[in-house]
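Just so it is clear, none of the values below were taken in a lab; they were calculated from the coordinates. The structure presented is a predicted model; accordingly, all values stated were derived computationally and were not measured. Glycine also receives a Cβ, built like all others from the backbone with ideal geometry; neighbour counts cover every protein chain displayed.
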Amino acid sequence: GDSVTQMEGPVTLSEEAFLTINCTYTATGYPSLFWYVQYPGEGLQLLLKATKADDKGSNKGFEATYRKETTSFHLEKGSVQVSDSAVYFCALTYANAGGTSYGKLTFGQGTILTVHP
Amino acid sequence: DGGITQSPKYLFRKEGQNVTLSCEQNLNHDAMYWYRQDPGQGLRLIYYSQIVNDFQKGDIAEGYSVSREKKESFPLTVTSAQKNPTAFYLCASKSVWGATGEQYFGPGTRLTVT
């Protein structure tokens with residue numbers, strides 16, 4: 001079955017440091033890939049997405065590139081801020097709701113990021 | 001503003017009692033989902049519905065029940081049969097015609113059962 005594996009956390013950085021959170025996946029088809037962010041006590045917000053190989057998703061200074069050859073979708077940001085402190089989830093789904101996919105999101109376990117001033 | 005609302009934000013119940021969590025969306029989405037989140041874990045799918053009056057079990061449906069009588073609403077009942085009900089519950093929705101498959105999440109309900 002499909003699965004998503006994220007790097008172990010928590011990750012602690014100083015403000016303006018470079019961020020990488022690794023995400024790899026196994027999939028039986030050609031999924032769409034997502035990064036969601038969860039701030040304390042809140043629901044998940046979509047951070048960025050990519051729907052096919054070599055697509056780059058970007059938002060709020062974060063980027064991730066869909067790498068089919070390495071089955072990866074690593075999240076990066078050049079200069080983190082204290083306000084980026086949150087839990088980050090990598091996830092995959094199949095956009096076509098037909099067949100047995102039913103649009104289920106398969107999540108990684110989440111990576112806690114803490115940014116200090 | 002379009003979005004998903006969940007109520008209440010915090011819910012406390014005694015063991016042995018059933019409890020119903022509310023989820024409402026005004027995004028005109030056909031598909032709705034319930035996920036459970038436990039500390040240090042990703043989200044796990046409880047139930048989903050792609051159309052009114054139809055729903056399917058997800059990966060951890062035991063001890064839960066749902067209904068989908070209206071497109072906008074997808075309430076989740078946590079029954080006394082759920083062995084470990086204390087968790088953060090998240091509702092989501094998506095358009096079945098969406099090209100990318102992303103889901104939109106509500107703010108969640110934190111259920112504590114003692």
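With each label point set 7 Å from Cα along the Cα-Cβ vector, what nm distance links B:K70 and B:K9?
Reported label-point gap for B:K70 and B:K9 is 2.4 nm.
Taking trypsin sites (Lys or Arg not before Pro) as exposed when DSSP calls them loop (any state but H, G, I, E, B) and at most 16 other Cβ atoms lie within 10 Å, what is the longest stretch of chain A free of them, the sites themselves excluded?
A:1-51
Take chain A, compute every pairwise Cα distance, and split them into 5 Å bins from 0; I just need the percent in each bin.
2, 12, 23, 25, 18, 11, 5, 2, 1, 0
Compute log10 of I(q)/I(0) for chain B with the Debye formula, placing one identical point scatterer on every Cα and leaving out solvent, at q = 0.18, 0.23 Å⁻¹, to two decimals.
Here log10 of I(q) over I(0) equals -0.85, -1.36.
Ignore the peptide's own chain and count Cβ atoms of other chains within 10 Å of each Cβ in A:27-36; give me the average, rounded.
So the per-residue partner count for this stretch is 2.
Going down the table (A:K68/B:K9; A:K49/B:K71; A:K77/B:K83), which pairs top 30 Å between alpha carbons?
Working: A:K68/B:K9 39 Å; A:K49/B:K71 26 Å; A:K77/B:K83 41 Å.
Violating the 30 Å limit, Cα to Cα: A:K68/B:K9; A:K77/B:K83.
I need the GluC sites (Glu not before Pro) found in segment B:35-95, filtered to DSSP loop residues with at most 13 other beta carbons within 10 Å of theirs. Kindly include the intermediate steps, with their values, before the conclusion.
Numbers: sites: B:E62, B:E69, B:E72; in loops: B:E62, B:E69, B:E72.
Hits after loop and neighbour filter: B:E62, B:E69.
Residue by residue through A:38-45, how many Cβ atoms from other chains fall within 10 Å of the Cβ on average? Let's see the in-between values first.
Details: counts 6, 0, 0, 6, 6, 14, 11, 2.
For this peptide, the per-residue mean of nearby foreign Cβ atoms is 6.
Over 10 Å intervals from 0, what percent of Cα-Cα pairs in the protein assembly as shown sits in each interval?
8, 33, 35, 20, 4, 0
What FRET efficiency would be calculated for the residue pair B:E62, A:Y30, taking the C-beta separation as r and a Förster radius of 35 Å, to the nearest 0.05?
The calculated FRET efficiency here is 0.65.
Say a site is exposed when it is one of the trypsin sites (Lys or Arg not before Pro), sits in a DSSP loop, and has at most 13 other Cβ atoms within 10 Å; what is then the longest site-free stretch of chain B?
Looking at chain B, B:15-82 is the longest stretch - no exposed trypsin sites (Lys or Arg not before Pro) with at most 13 other Cβ atoms within 10 Å.
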